[in-house]
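To keep things clear, I will list the structure first and then write my remarks on it.
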Amino acid sequence: MSLPFALAAQTTSPSQEADWRRANDAVGAFKRGHVDVLKWEQANPTAGNPAAAPTGAAVATPEAAVRMAWRVHKELARPLARLGDQNERLIAEGRWTELDPSLQRRVEDASEVLEVAAAGRKAWIEAVAAQQVLKHQRDMLEAAQAAHELGQRMVTVGNWSKLQLAPVQLALSNARMNLRRAEHAAAQAQSKLVESMGQTGLQDGFALPDRLPDIPAQPMAAADLQKRAEAVRNQLPVAQSLRNRALSRTAMSTYRAAHALAQDSQGDILKTREFITEETVLHYNGMLKSVWDLLDEVRNQSQATVDAIGAQRDFWLAEADLQWVLQGGEPDSFVGLGGAGGDAPAAAAH
């Protein structure tokens, strides 16, 4: 997102106009001056962008990640051959509900094929999402830097006190901390993906797409999932079947909740935030809103986007776990649906 505007003199009181103009002139004389606050990075490459994007091999899709993860495990060559091209393609593409429920009983070590596929898919999802979040945390830092820059100029010309500047300074500090967290999370996610692909020590990271796939308009039907779960349990030993029943309930509940949250965050919430931002820009241009209002709204929309990315990521993780459970798998945990902040996953039911 880009909001081009000059840090122009804004006032709702004639008595303050001269001070605003002096502050504005001071900002204009500074090296960054009147610039688009969300494009400072282009004019000043060292600002807020300490981490370069990985330049390793491209892994454009979760299917590519799954196939690369399979190649690392040489022992899977035999079960993959026994599965056949069609089943292998369904697994790699994430279409596990189309597999024969008796697959694991008929093909020895099929569960290992599925487990590696699930791990590779989830590592790819985490890495792409972390990279998306990092970009928007940089946007929020740049907006905070712009606000702080203007605040300092206003203190210099005597229009603000240091006490008035203090909250702006805190906002900048928080934005820096959040960026560092996002950088750390992105690096960890890349490291996990590299490990899953068997490339540890060979490359630092993979080139990934800019965003996760869109979530489906509708979740998988509950009746179809129940039918699928029953068909799988009929193929399992009694003890495993009982565990799978509990896991299926948790996986289905998490999946449905994750879909609803992702729809809400990417639908009404994000669209409403975009509307507010557009209206704030119009009011700013009409001198009905101050630059501070606009900078605050820039940060608010970036945060809403970060939250939406987290919800989208959680949906795809929940979907991967559900499909694994519906093949008789036993994930160690389920996603906690806590947003983009990296909350610990919820413990799986046993």
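The values are calculated or read from the model by the stated rules, or taken from the named source; none is laboratory data. All of these numbers come straight from a predicted model, not from anything done at the bench. Please note: Cβ atoms are built from the backbone with ideal geometry, for glycine as well, and neighbour counts cover all protein chains shown. Side chains are part of the model used for accessible areas, which takes the heavy atoms of the whole protein and leaves out ligands, DNA and RNA. Shrake-Rupley method; radii C 1.70, N 1.55, O 1.52, S 1.80 Å.
Values computed for the structure shown
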| quantity | calculated |
| --- | --- |
| Only one of VAL128, VAL168 that is in contact with a Leu (Cβ under 9 Å, 6 or more places away or on another chain), of a type outside the set (Asp, Glu) and under 28 Å from MET252 (Cα atoms) | VAL128 |
| Restricting the range 193-203 to residues that are touching a helix residue (DSSP H, G or I) at 6+ places or on another chain (Cβ under 7 Å) and assigned to a loop (DSSP other than H, G, I, E, B), the residue that is farthest from ARG256 (Cα to Cα) | GLN203 |
| The range 236-278: number of residues that are outside any helix (DSSP H, G or I) and open to solvent by 60 Å² or more (accessible area, probe 1.4 Å) | 1 |
| Residues located in the range 70-127, provided they are of a type in the set (Gly, Ala, Ser) and closer than 25 Å to ALA207 by Cα | ALA92, GLY94, ALA117, ALA118, ALA119, GLY120, ALA123, ALA127 |
| Verdict on GLU126 being of a type outside the set (A, V, I, L, M), within 19 Å of ILE309 (Cβ to Cβ) and open to solvent by 40 Å² or more (accessible area, probe 1.4 Å) | yes |
| Set ARG89, ARG106: member being open to solvent by 20 Å² or more (accessible area, probe 1.4 Å) and within 30 Å of GLN190 (Cα to Cα) | ARG89 |
| Residue in the range 147-169 that is in a helix (DSSP H, G or I), modelled with pLDDT of 90 or more, under 26 Å from the mean Cα position of the chain (by Cα) and crowded, with 21+ Cβ neighbours inside 10 Å present | no |
| Residue list for the range 217-235, filter: of a type in the set (S, T, N, Q) and either in a helix (DSSP H, G or I) or open to solvent by less than 30 Å² (accessible area, probe 1.4 Å) (or both) | GLN226 |
| Members of the range 94-109 that are touching a residue at least 12 places away in the same chain (Cβ under 8 Å) and either in contact with a Ser or Thr (Cβ under 9 Å, 6 or more places away or on another chain) or closer than 19 Å to ALA251 by Cβ (or both) | GLY94, TRP96, THR97, LEU99, PRO101, LEU103, GLN104 |
| Criterion violated by ALA118 - all others in (1) of a type in the set (A, V, I, L, M); (2) surrounded by fewer than 22 Cβ atoms within 10 Å (Cβ to Cβ); (3) in contact with a helix residue (DSSP H, G or I) (Cβ under 7 Å, 6 or more places away or on another chain); (4) at pLDDT 90 or above satisfied | (2) |
| All positions within the range 74-86 that are open to solvent by less than 60 Å² (accessible area, probe 1.4 Å) and either on the phi < 0 side of the Ramachandran plot or acidic (Asp, Glu) (or both) | LEU76, PRO79, LEU80, LEU83 |
